[in-house]
Amino acid sequence: MQRDSDKLFLAIFLSIALHALALALAVTGNYPARLVDRPNAPQPKDEVLLLELLPPPPEEIVAKTLQSVATPEPALSVAPDIQVAPSRTAPTLASESQPISMMAPATPTAEEWAFAARYTLKNSKGYRYTWGQQVRSMMGTAFEGPDQGVVRFRVEISPDGTMAKLETLWTTSPTAEQLAREAIESMPPLPPTPTGKPLIFERTISFSPFVSDTPPIYRNDCLRDPPTFRNPFEGGGLGPPVRAEATENEDPESFSLEECLKQLPQDSIEAEAAHDLQELRRWGPALGR
């Protein structure tokens, strides 16, 4: 026990001695890790700025400068042989004396009517669209004001292409309805319907400088339509409720899918852009865009 105590005392003494020696070397500067005082921050030097006052310019120079600023530069003249044709679908900006307007779309060409006369899918979609374009092109320029509006018709066309029945479902402008009816009455002879049967459909004609009809998308016309929804509790409360089930729609045509795909045309850039814009307006708010 006495030896252990002596060893412990000797260890403590040596530790204290070594710490004291290290502190002494650091203070005297003979130890690499000596304590160094923090240097003083450099003091900013005083800078002297010399200002030289120049005499004012002569009055003649001032007068010429003011005259050059007040005189506007001559406008660039456009070459007389360059003419920019106005767009047939873009609206024209309004001025103080003329409201906003949009020219009527171009009349469907013979090639477009030939395609419409042989396209049978989706209740002759091409024929219905081309018929609406023909009517709108004959209605003339649409101006902003009380005469602009929309009219929706229920149309029945005979197999030979003649008008069999025209019924107005609703309209927001008597002028638009009158112009549309006058255009329909004066339409040139139309080709026969694609299916050889009466073509019955509903069509909305927009007579407005802010709305233009765009070509449809054809790439999905060979797919089956989703089941048609029906109110399962329809009846108006006049009798016991009868549950109506959703019905499956039939195939677009009786022929095969390969033959159906042969009818599909190449969708135009205008149709693709209009379709994308419609989808963005429909689903954009849900996606936070």
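Note the direction-averaged projected area, equal to a quarter of the hull surface, for the Cα convex hull of the stretch 98-210, in nm². Provide the component values of the computation, followed by the final result.
Numbers: hull surface 26.8 nm².
Result: a mean projected hull area of 6.7 nm².
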What's the ranking of 215-223, 181-189 by average number of surrounding C-beta atoms within 10 Å, highest first? 215-223, 181-189
Mind checking which lysines have their C-alpha under 17 Å from K262, skipping anything on the same chain fewer than 8 residues away? K122, K125
Each residue of the stretch 162-171 in order: what ³J(HN,Hα) in whole Hz does its phi give by Karplus 6.51 cos²θ - 1.76 cosθ + 1.60, θ = phi - 60°, with x for Gly and Pro? 7, 6, 9, 7, 9, 10, 7, 7, 6, 7
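No value in this document is a laboratory result; all are computed from the given coordinates. These numbers were taken from a predicted model, which means no experiment stands behind them. For neighbour counting, all protein chains shown are included, and Cβ atoms are generated from backbone atoms with ideal geometry for every residue, glycine included.
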